[in-house]
Structures are given as C-alpha cells and as structure tokens.
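> Got a structure here, written out as structure tokens. Questions coming.
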Amino acid sequence: MKSYNLKFKIIKFFFVLLILNFLFLTFHLNEANAQQVSLSISPPLLELFIKPGKSIMVAYRLDNLGDPAFINLKVLSFEAKDNLGNIRIKQEFEGPVRFSLENSDLQLEQTFFLKTNGSQQILLQIRIPENVPDGDYYYSLLAETAPPTTSEGIGSARAKVTIGSNILVTISNAGNIDIKPQVVFFDVLSKLKFNLFGRVIRIFDSTDNIPLVFIIGNKGKNMIKPEGQIVLKGNFGEVAKYDIISRNILAESQRLQEATPSAQVNCDNNRSDKTCLIPISLLLSGFFIGKYNLSTQVGFGENSPMIFSSTSFLAFPFKTTAGILISVLIIIIIIKRSKDKE
C-alpha cells in the first residue's frame, strides 16, 4: 500500500512539473511573438508641381516607436480605389518619374536596422526626365518591416507592417494645368419620393435627419481640390451654410465631398438606415417643415471653372400629427366611456 502511494505521488509530481513547464514555454513563446511594431513617417503627403528636366530632393523622417525592426524602403505607383479617397498600391512601379536615395548608407529595396525610439533621415531624390508628357503621376514611398532571418536562412513568422507617404507629382512644361470638374451626384436620400409632372418630389418627416450625397468627378489630367459651400434655404427665409472639406481629387477619378458641421448618426442599432449603409456628405438635423432648397457652388482655385448643382425636398410633421391624432382619439374614447358609465 505504501509502495502504491509512493508511485502515485511520483506520478503526480511529474504531472504537475509537466504542466508548469508547458505554461512556462507558452508564456515565453507568446512574449517572444508579441512584437510591437509602430512606425511613423513625415511628411505624410508631398505635392509637387515641376517641369521636365528638373529634380528635387526631399528630406523624410522615419521613426520607430515600437520594437527594433529591419526595414525596407521602396517606391511604388498608386491609383484611386474608390470615391472615398482610398488608394490602391500597384504591384509594379509605373511612370516616368525617377527616384533614388542620397543617403550614403541607404538604398531603395535594401534592408536596414532601426532600433526602438530610433529615427532615420531619408533623403529622396526625385528626377523628371526630359520630354515627359504633361499630367499627374502618383507614387508612395513605402517603409516596410522585414522579418529577420533565422539561423537556417528562413524568415521568422512575424507580422509585416507597412507605412507610406504619398507623392503627388504634377508635370507641366508651360505651367498650365487641366481642370475639368463635373458634378456626378448631388441629391438627398429620401425614403419617400415620386414623380409629379416630370419632377422628382422628395418627402421627409419633419423630425427626420436629411442625408445629402455630393460626388465630384475629375475628367482632367491633373489633381483638383474643391473649395465651396453647401447652402440650405427654407421657405420661411432661413439659411444655413456648410463648408466643403477641401480634399484632393486625383486625375480621372471621383470623390465624395464631405461638409461640416454635419450631424452624427448612431449606426450601432440601426444598420438598415441609408445613412449607415451609404457614405454621405452631409447630415442635416432639426425640425423641418415645408419646402427646402439645397445648392452648391464649388471652385478650384484662381481662374478655374465653377460648378453648380441644386436639389429640393419637402418636409411635413407626419409623426407628430399622427401622435396628436392618436392622443385626441384616445382622449375622446376615454371621455365617451366615462359618460356611458354615468
């Protein structure tokens, strides 16, 4: 019996030792794999207006706010991905612009080491060859972490982090730019609308938020930046103005224009609302009654063409009126029943 208890205690000891060893290894593996990578590059955006045959050197600063990392620098072309300002990095370098590094110890596509809280100055040379056609060319300077190789020459399984600084290059021989803006869409998103004598009537409840979508298209060869307002006018003479947030619209692309100040909508519990499903430019809030006109006038700098657009909507207190009618009906029923009991 004593022999049996002794064997049981030995087995129990090794079992506990095995569990502790497993937990120890798991903890250290997680600690080793939980690498924190945080990079910062400045300036984050560069806009150049330059002639063929010219060159310019730009000084960047790359900071490593996380763990030590091996970093690779490269330049790739990009294009507009959608009308929300997102971009798509191309797999291959395109375009006539030439890039190189002026650092004595750095080269593009060559890995270097950056310690924690370390910074690296990047001297980027941008050169425009002769006889380059006028137009815009878009690039991104990318800093990408490269996992260190193991003793067997195989890269370790660590997350790869990439940060970029966009470079918008406008090339012009004579200093002229091609500005061809157009209004792609300017309208409110109403749940209730119908055609009346060839006109679309948009109807809202007086307490509804009014979502407006405004999209500008760029048919020209150069980037444009809109400047203007959206104006709301009511049938009682009230006027409200909303400034358009000026953001770049790349050549031959479209972009949703946002305006401020705009109301906010909570989409956590109302995913079916149009204001949650579709990106909007402006959300109007308040108590509306009657007819309202929305208009916009947008420019693109000195001596540039202006674009205009307008729309309208009607608002009536349907919910308030229905609530009053129901309340009156309930009161009438209560009074009638009280009289019947008498």
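> What is the one condition in (1) without any contact (Cβ under 8 Å) to a residue 60 or more places away in the chain; (2) of a type outside the set (Ser, Thr, Tyr); (3) out of contact with any Gly (no Cβ under 9 Å at 6 or more places or on another chain) that Lys291 does not satisfy?
For Lys291, the failing item is (3).
> Taking Val213, is it assigned to a strand (DSSP E or B), closer than 30 Å to Thr320 by Cβ and not acidic (Asp, Glu)?
Yes; evaluated as a whole, the condition is true for this residue.
> Moving to a separate point now. From the list Phe300, Phe316, which residue is more than 30 Å from Arg88 (Cβ to Cβ) and at pLDDT below 95?
Only one candidate passes the filter, namely Phe316.
> Looking at Thr311, Thr320, which one is within 30 Å of Ile201 (Cα to Cα), assigned by TED's automatic domain parsing to the domain that holds Leu196 and part of a helix (DSSP H, G or I)?
Result: Thr320 is the single residue among Thr311, Thr320 that is within 30 Å of Ile201 (Cα to Cα), assigned by TED's automatic domain parsing to the domain that holds Leu196 and part of a helix (DSSP H, G or I).
> When the range 202-259 is examined, which residues are found to be under 21 Å from Ser310 (Cα atoms), touching a helix residue (DSSP H, G or I) at 6+ places or on another chain (Cβ under 8 Å) and surrounded by fewer than 20 Cβ atoms within 10 Å (Cβ to Cβ)?
Selection gives Asp205, Ser206, Asn209.
> Okay, next question. Please go through the range 94-106 and pick out each residue that is under 19 Å from Ile71 (Cβ atoms) and not polar (S, T, N, Q).
Scanning the range 94-106 gives Phe99, Leu101, Glu102, Asp105, Leu106.
The values are calculated or read from the model by the stated rules, or taken from the named source; none is laboratory data. Given the structure is predicted, the values throughout are model-derived calculations rather than measurements. Reconstructed Cβ throughout: ideal geometry from the backbone, glycine too, with neighbour counts over all protein chains shown.
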